[in-house]
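Trainee: My questions will all concern the structure given below.
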Amino acid sequence: MITSVAVLMLILPAVGALLSAALKRRARPAAVMTATITTGLAVWLTLSTFGAPYTRMLVDLPWLHGIVDTPILGIFVDPLASLMLLVVVPIGLLTVLYSTAYLTDKNREHPVGNEQYGRYYFWLLLFITSMVGLAVSPNFLQFFAFWELTTVCSWALISFHQNAPSLRAGFKALLMTSAGSAFFLLAILIIFARTNSFDFSALGRLPNGLRSWVLLFLLIAAWAKAAQVPFQTWLPDAMEAPTPISAYLHAAAMVKAGVYLMARTVSSGWGIPPKISLLMGGMALLTIFVALSFYFVQDDLKRLLAYSTIAHLGYVFLGIAIGGLGATLGFRGGVLHIICHGYSKATLFFCAGNIAYATGTRNISELRGLGKSMPLTATAFFIGLLSVTGVPPLACFWSKFMILSGAMRLGGPLGPLILVLILCETLISFGWMLYIGQKIFLGAPLAVAQAPADPPWAMNVTLIILTIGCVAAPFVGMPLVQLMGK
Amino acid sequence: MVNAVHDVEVSIVILIVGSLVSLLFARRRKLCGWVSFAFVCASSVYTGLAVVGACTVASGEHTILSLPQLGSSLTLRIDPLSAIFLAIVAVIALLSTLYSVRYMEHYAHDKVAKFFPILLLCVASMTGVLVCTDFLFFLIFWESMTLTSYFLVTFESENAASQRAGLKYFIITHGATLCMVAAALLLWRTSGSFSFDAIRQTLSAMLTTRPVLANAIVFLFFMGFATKAGLLPMGDWLPDAHPVAPSGMSATLSGALVKLGIYGLVRLFCSFLAISPSLKIWGIILALAGTGSLFVGTLTALQQTDTKRLMAFHTIGQIGYICLGLGVGAYCLDMYPALATVALAGAILHAVNHACFKSCLFLGAGSVLYRTGERDMDKLGGLAAFMPYTTGTTAIASLSIAGVPPLNGFASKWLIVAGCLLTGMRFPLFLVLGLIALFISLATLASFLKVLGSVFLGRADENLGIKEVPISMIVPQVVLAALCVLLGIFPQLVLRVIGHAIEGVTATPVAGVNASRMWSGLFLIDGSPVAFWSPLAVLAALAVLALLSYAIQRAGGARTRSVPVWYCGEEHAPATVRYPASSFYLPFKHAFQGIYPSGKVHVPRFPAPLRRALDFDQWLYAPTVKVIDTAADRVSRTHVGILQIYLLWIVIGAIVVTGILLWVRG
């Protein structure tokens, strides 16, 4: 039963993608329906496998007979996979719903004709398929296959508008994430050559020196995908994509694939060398501060949110690194941050979408006093902003607090050092985001904000649901996160 | 008994529900206001029951949820100290909401949906802060309080000053909260739990084993609470934020919110810290900080011409008094517990009194603003003829804050100064601080005489059409003024509860203030006539003198007639010949001009070389791509398009490969 549901959940969005491509102009209802059913299946799957991880291998690769005789491709649902599903699939549904209203010719920033719908929903639903497949992967090989599929979908969706900047941005993203994927492939090949297995736990059977190298390669792949230093330059440029895509791929889903890889690697039941954890943590802290330094010069609202995303992915890596050094609480905090940040950042991005739809611009210097004409967007933006910067009792406070508590469980001066650095960054990013939020929504309205169109109900409903998510995400994530850890 | 906690929980739930309900009615201003007031009434009733319950019987605790993996649990408990501050919050919230019902008409452009629901959530957060016994949840309620009050401070969305003030407020207080988070996590590292009891034990143990870390933690907590209370220099947000908020909210901010910072300081220094040499040093630091605040705050207030800004600076000043009392109390807790009780009782009583008179003053300023649209005292004058109730209540509150007997300000200031001077006989620094406090009392009186004189006295143009404010705005002011008088004549009413509170918090028996006899006044230190204050005697004397002067006047039988003011033969409008507020106390203004430094904060700009270094695209990726591009270009030059050249390449390639194979095989 569970297997069939899982396989259905995997296949349904792919079928929906093909259906959308075929239906072209009338793709939207099919897309919404497919996404809704997939969400229902994902929630059912999470509830029915709660507390008892489920594994079922289905397909074997005939050309590997003789070396590996058991099936290789299959389904694996444990708390970490459930958490990933709960982030990816509902936000995917909300993205599809939002896009039905956003991607029309009434959009003041980028009007889109209805002949493009087929192409858009095809790639979007294919992306949902690939994220679902990635979330329930039982080993590195299947993980890699869906990982590459997400890269392709991301390229297609970033270049959706097919003008020169977006084509360049899409190609840049493709190149940089593929460079990381090359290291991923190398790591898988080394593991298979040594242990004849693609399992996550096969990493533990490698000799120590080689294991460190393989972990380093996986880390590089994760960094490339999650836009960490030194690969962080593709994400701000990827904001050329339509805003729902920026919200979904580049805040909630695709970039989370990188941290998900690391979470799986670290939690597969064997010890990760402290050097690698320290490297991961150190680069995470560096990324957080590098991203912070770029906040102050951004005029484009989406680019600002992109840099914020980079910093928050650094937080997840930091949490996982702290978990790798021995403090499980840090690992749990990092993983909880996946769901909390996903919902909070999606809220912010969709607000940016509302603003772009209604006023035609994303430039902070042109936006003032929008709170009067767009009260719902203003409320959602403030809640999202306070949630993302970690103001209690909203979502990201809990995950940040758990990460800091985990850091304090480490011995020596490392804990207080991380504490001081993170609290400084929190205060600075909070101050800046609040300043930007105030600038955009409060104050006397400028001309461009005088007569914005009221966004359609689909966009408003999405925003309301995500705002509820900003408050409720920790309640959903905590039970799952408590089940994780060694 | 558990019932007191249960009452507080019900109160908080009522406020949260009320917030949602008033959001539904947001389109109709007055209805929204009255609905909110109804909910606040209901919740105040329950809070009142809880306060009474906590003062009479020892309270139990109630755990709502627990997070064992973090060592934290949402456990609520009320002790007499919480009860006092709960009473303050409930009363001020009730009166401010009643006042705001009509006051919000002043704001034609801003929707009430931004005010009443958030105000109710703010009151709920304040109530929650006072009953938490676990630091994690304390922090959540604390930050909710800051969050909601931020939206109330920035209520006027088109006023740039409001926005700036709100931003400054939130950032400074958030920084303070993060200091407290750091302190709590550092303690958690050792103790594994966030509850107040665990913090007390761990901190006490740490003071002997790791004093540097322990004092650092105390410093971080101190910064957190003192910023909220408004102690200088962290309290710089206060003069900007309190004036721009709607006046009902200004009253709540000054009356209730800053008291929660005081509550934190009392818990920190009297309860968390064990009696040790550090406590004496912290006492001195606290007293010095308090004196600094009261000196700078009040003297800056003397120079202000904006009614609400003047009152905001006075809040800083009066908080300075409270901290001075706390500091003396902390210093004396070890060696002279009787004197400590005097000073602590004075400090907490002053917190209660300050809530009464400062809220009354802000509501009065709000009434003036509501009717005239002005906060600038230079443009106001002669309102006594048109707004008698407001004048009366503001006059009573002004005399209270100045510490004029027999009003309530005198009782608490007397206790604080007595504590300072009596301790000063053993440690001279406090003598100096006590004398400064006395002098500043005078400055406070001068400042409020300026307010009364320039706003209410004098004459005004008759046909400006100013009337008294509506009844729902008069009632809160009158109630607060009446409280000022009542607490002035019978300070014993509150002092008994304060005695229990101090006993509970410091775990030492109360000896200093004998407040048991209602009708004969206060005695310090066990009845020996070291110090003695009997408000009833003074009131009786004043009454006798008043009767006497009235009798003399009637006996003299002088005729009184009213005449216009003589301006040496010229006709002047009253507004031009009034003595404006900015002309008061010019020598003081010149002498203390630079006493409150202010600077501008600039948007941070990253140095250009650093930004260039961090721009990986520019120096790493673009050049790499260029190099690969050039190399590929060079390679593609071999594709010349001539068949013979390609055949040549194939032949050469075959020879090379065969050569390599033969070499490897060999």
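Trainee: Where residues in the range B:167-192 are of a type in the set (S, T, N, Q) and at the interface with another protein chain (Cβ under 10 Å from one of its Cβ atoms), which of them is surrounded by the fewest Cβ atoms within 10 Å (Cβ to Cβ)?
Mentor: Kept after step one, since they are of a type in the set (S, T, N, Q), are these residues of the range B:167-192: B:173, B:177, B:190-191.
Those left that are additionally at the interface with another protein chain (Cβ under 10 Å from one of its Cβ atoms): B:177, B:190.
Values: B:T177: 21, B:T190: 18.
Ranking the qualifying residues of the range B:167-192, first place goes to B:T190.
Trainee: Scanning the range A:414-429 for residues that are farther than 15 Å from A:G319 by Cα and more than 9 Å from chain B (Cβ to nearest Cβ), which turns out surrounded by the most Cβ atoms within 10 Å (Cβ to Cβ)?
Mentor: A:S429
Trainee: If you don't mind, there's one more thing I want to ask. Give the residue, chosen from B:L31, B:L130, that is free of Cβ contacts under 8 Å to residues at least 24 places away in the same chain and either in a helix (DSSP H, G or I) or polar (S, T, N, Q) (or both). Don't jump to the end; show me each part of the working.
Mentor: Working: B:L130 fails: free of Cβ contacts under 8 Å to residues at least 24 places away in the same chain.
From the options B:L31, B:L130, the qualifying one is B:L31.
Trainee: While we're on this one: With the requirement that a residue be within 9 Å of chain A (Cβ to nearest Cβ), modelled with pLDDT under 90 and not in a loop (DSSP other than H, G, I, E, B), what does the range B:141-162 give you?
Mentor: B:A160, B:S162
Trainee: Out of A:G406, A:G390, which single residue is part of a helix (DSSP H, G or I) and within 11 Å of chain B (Cβ to nearest Cβ)? Give the derivation first.
Mentor: Working: A:G390 fails: part of a helix (DSSP H, G or I).
The match here is A:G406.
Trainee: Just give me the residues in the range A:319-343 being within 14 Å of chain B (Cβ to nearest Cβ) and among the aromatic types (F, W, Y), in sequence order.
Mentor: A:F331
Trainee: Could you pull out every one of the helices (runs of 4 or more DSSP H) wholly within the range B:572-666 that has 2 or more residues that are away from chain A (no Cβ under 14 Å) and either at pLDDT 80 or above or at positive phi (or both)?
Mentor: Working: elements: B:574-577, B:586-591, B:608-614, B:622-636, B:643-665.
Those helices (runs of 4 or more DSSP H) span B:586-591, B:622-636, B:643-665.
Trainee: Quick check on this structure: which one of A:M433, A:M402 is within 24 Å of A:G371 (Cβ to Cβ), under 24 Å from the mean Cα position of the chain (by Cα) and buried (at least 22 other Cβ atoms within 10 Å of the Cβ)?
Mentor: Working: A:M402 fails: within 24 Å of A:G371 (Cβ to Cβ).
The conditions single out A:M433.
Trainee: On the basis of being more than 14 Å from chain B (Cβ to nearest Cβ) and either surrounded by fewer than 20 Cβ atoms within 10 Å (Cβ to Cβ) or of a type outside the set (G, A, S) (or both), does A:Y295 make the cut?
Mentor: no
Trainee: Residue check, A:G415 against (1) assigned to a helix (DSSP H, G or I); (2) of a type outside the set (S, T, Y); (3) under 28 Å from A:L94 (Cβ atoms), all met but one. Which one?
Mentor: Of the numbered conditions (1) assigned to a helix (DSSP H, G or I); (2) of a type outside the set (S, T, Y); (3) under 28 Å from A:L94 (Cβ atoms), the odd one out for A:G415 is (3).
Trainee: Here is a list of conditions, (1) free of Cβ contacts under 8 Å to residues at least 12 places away in the same chain; (2) under 12 Å from the mean Cα position of the chain (by Cα), and B:R210 meets all of them except one; can you say which number that is?
Mentor: (2)
Trainee: Among A:P53, A:P90, which is the only one that is closer than 30 Å to A:F331 by Cβ and at pLDDT 90 or above? If you could, list the steps in order and put the result at the bottom.
Mentor: On the way: A:P53 fails: at pLDDT 90 or above.
After ruling out the rest, the residue left standing is A:P90.
Trainee: Now for a separate question. Would you confirm, using the coordinates I've provided, whether A:M239 is in contact with a Phe, Trp or Tyr (Cβ under 8 Å, 6 or more places away or on another chain) and hydrophobic (A, V, I, L, M, F, W, C)? Don't jump to the end; show me each part of the working.
Mentor: Numbers: in contact with a Phe, Trp or Tyr (Cβ under 8 Å, 6 or more places away or on another chain): no; hydrophobic (A, V, I, L, M, F, W, C): yes.
Here the answer is no, as A:M239 does not meet what is asked.
Trainee: Turning to a different aspect of this structure: Consider only pairs whose beta carbons are under 8 Å apart and that are at least six residues apart or on different chains; among these, list those whose first residue lies in the range B:390-407 and is touching a residue at least 12 places away in the same chain (Cβ under 8 Å) and whose second residue is buried (at least 24 other Cβ atoms within 10 Å of the Cβ) and of a type in the set (D, E, K, R).
Mentor: Between residues of the range B:390-407 that are touching a residue at least 12 places away in the same chain (Cβ under 8 Å) and residues that are buried (at least 24 other Cβ atoms within 10 Å of the Cβ) and of a type in the set (D, E, K, R), the close pairs are B:A397/B:K358; B:I401/B:K358; B:G403/B:K413.
Trainee: Continuing with this model, one more query. Can you find a residue in the range B:193-206 that is within 10 Å of chain A (Cβ to nearest Cβ), surrounded by 23 or more Cβ atoms within 10 Å (Cβ to Cβ), assigned to a helix (DSSP H, G or I) and at negative phi?
Mentor: no
Trainee: Of all the residues that make up the range A:99-150, how many are buried (at least 23 other Cβ atoms within 10 Å of the Cβ) and touching a strand residue (DSSP E or B) at 6+ places or on another chain (Cβ under 7 Å)?
Mentor: 3
Trainee: Any idea which of (1) of a type outside the set (V, I, T); (2) in contact with a Pro (Cβ under 9 Å, 6 or more places away or on another chain); (3) without any contact (Cβ under 8 Å) to a residue 12 or more places away in the chain is the one A:F50 doesn't satisfy?
Mentor: Checking A:F50 against (1) of a type outside the set (V, I, T); (2) in contact with a Pro (Cβ under 9 Å, 6 or more places away or on another chain); (3) without any contact (Cβ under 8 Å) to a residue 12 or more places away in the chain, the one that fails is (3).
Trainee: Now for a different question. Might you let me know whether the range A:296-310 holds any residue that is under 18 Å from A:F231 (Cβ atoms) and in contact with an Asp or Glu (Cβ under 9 Å, 6 or more places away or on another chain)?
Mentor: Yes; the residues of the range A:296-310 include at least one that is under 18 Å from A:F231 (Cβ atoms) and in contact with an Asp or Glu (Cβ under 9 Å, 6 or more places away or on another chain).
The values are calculated or read from the model by the stated rules, or taken from the named source; none is laboratory data. Computed from a predicted model, the values in this text were never measured in an experiment. Heads up, the Cβs are rebuilt from the backbone with ideal geometry, glycines too, and the neighbour counts pull from every protein chain shown.
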